[in-house]
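Input: a single structure, listed below in structure tokens.
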Amino acid sequence: MDDDVFARALNACLRYRRRQARTEQPKGHRTANGRWWPSPEEGLDVVGHARAPTNDFPDAYRMHCRNWRHCEALAGADRSSTMWVDHWLAELKQHFGKEPSDPAALREAAKLAQCLDAMPPAPKPPRRPRL
């Protein structure tokens, strides 16, 4: 995975996690009747993939702006690389107890993980002959 693909996937993954935790909100506005509509920066793909807001579900578009597909589209990332970065971040969090915050360190660690995964397993020592 080259640096540009990794950066876009990491951006999409971190944006998705922030939006799921509600620390980042999608850009948009409410109309007079309380329905939420996305701003042009959020992209117009929302209209084609989500149900339209109604009085019963005024935040339908807002909820769609928090899903994987939308965050990937905003970052220009593809699904397989984003899922790889997400699983890799989960492993880091499980191992260290928290996610590292420096993207350069994340990239170097990802390169190391890919190199380690590509290495063949160490050969087993020969069996001791029976006497």
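The values are calculated or read from the model by the stated rules, or taken from the named source; none is laboratory data. Every value quoted in this text rests on a predicted model; they were computed, and no experiment measured them. Backbone-built Cβ (ideal geometry, glycine too); neighbour counts: all protein chains shown.
A few points about this structure:
- When the helices (runs of 4 or more DSSP H) confined to the stretch 48-130 are screened for residues that are within 20 Å of Asp4 (Cβ to Cβ) and modelled with pLDDT under 80, those reaching at least 1 such residues are found at 103-118.
- Selection status of Arg51, surrounded by fewer than 18 Cβ atoms within 10 Å (Cβ to Cβ) and over 18 Å from Arg18 (Cα atoms): yes
- Top-ranked residue of the stretch 76-125 - restricted to ones that are loosely packed, with under 10 Cβ neighbours inside 10 Å and charged (D, E, K, R), ranked as nearest to Arg15 (Cα to Cα): Asp102
- Flag: Gln94 does not match the condition of being more than 14 Å from the chain's Cα centre (by Cα) and touching a residue at least 60 places away in the same chain (Cβ under 8 Å).
- Residue check, Asp59 surrounded by 12 or more Cβ atoms within 10 Å (Cβ to Cβ), touching a residue at least 12 places away in the same chain (Cβ under 8 Å) and in the same structural domain as Arg15 (by TED's automatic domain parsing): no
- Among the criteria (1) out of contact with any helix residue (DSSP H, G or I) (no Cβ under 8 Å at 6 or more places or on another chain); (2) of a type outside the set (S, T, N, Q); (3) over 18 Å from Asp4 (Cα atoms); (4) at pLDDT 90 or above, the one Glu24 does not fulfil is (1).
- Consider the stretch 1-24 and keep the residues that are free of Cβ contacts under 8 Å to residues at least 40 places away in the same chain and of a type in the set (A, V, I, L, M, F, W, C). The one that is surrounded by the fewest Cβ atoms within 10 Å (Cβ to Cβ) is Ala21.
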